[in-house]
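The values are calculated or read from the model by the stated rules, or taken from the named source; none is laboratory data. Everything numeric in this text was worked out from a predicted model, so none of it was measured. Cβ sites come from the backbone with ideal geometry, for glycine too, and all protein chains shown count toward neighbours.
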Amino acid sequence: MEGIIIHIGWEYFIGLLGALVAMAWYSNGRFTALETSMDWVKNMLLDLKKSIDDASTTSGEGAPRDKNAEGQHLKQQTLW
């Protein structure tokens, strides 16, 4: 015996090929949804830019740069 021989009928081959295509299509949709849901990154960067701009404008007016010293608390960021 030189090797392993597997006999598969054409019906089973078409079924396996269809299952592979279905799995690839399903996983592509899942990864595409993950790649396109980047709104949380955009919102986080906009909030960061806003807080930096606020800090730079308050430092130019002679006001304290630390917002916690004024009684305003920083907003906690969540990732999801």
- Can you pull out the residues in the stretch 18-65 that are at pLDDT below 65 and not in a helix (DSSP H, G or I)? Glu61, Gly62, Ala63, Pro64, Arg65
- Item | First in the stretch 36-57 and without any contact (Cβ under 8 Å) to a residue 40 or more places away in the chain, second anywhere and basic (Lys, Arg) and not in a helix (DSSP H, G or I), Cβ under 8 Å, 6 or more apart | Asp47/Lys75; Ala55/Arg65
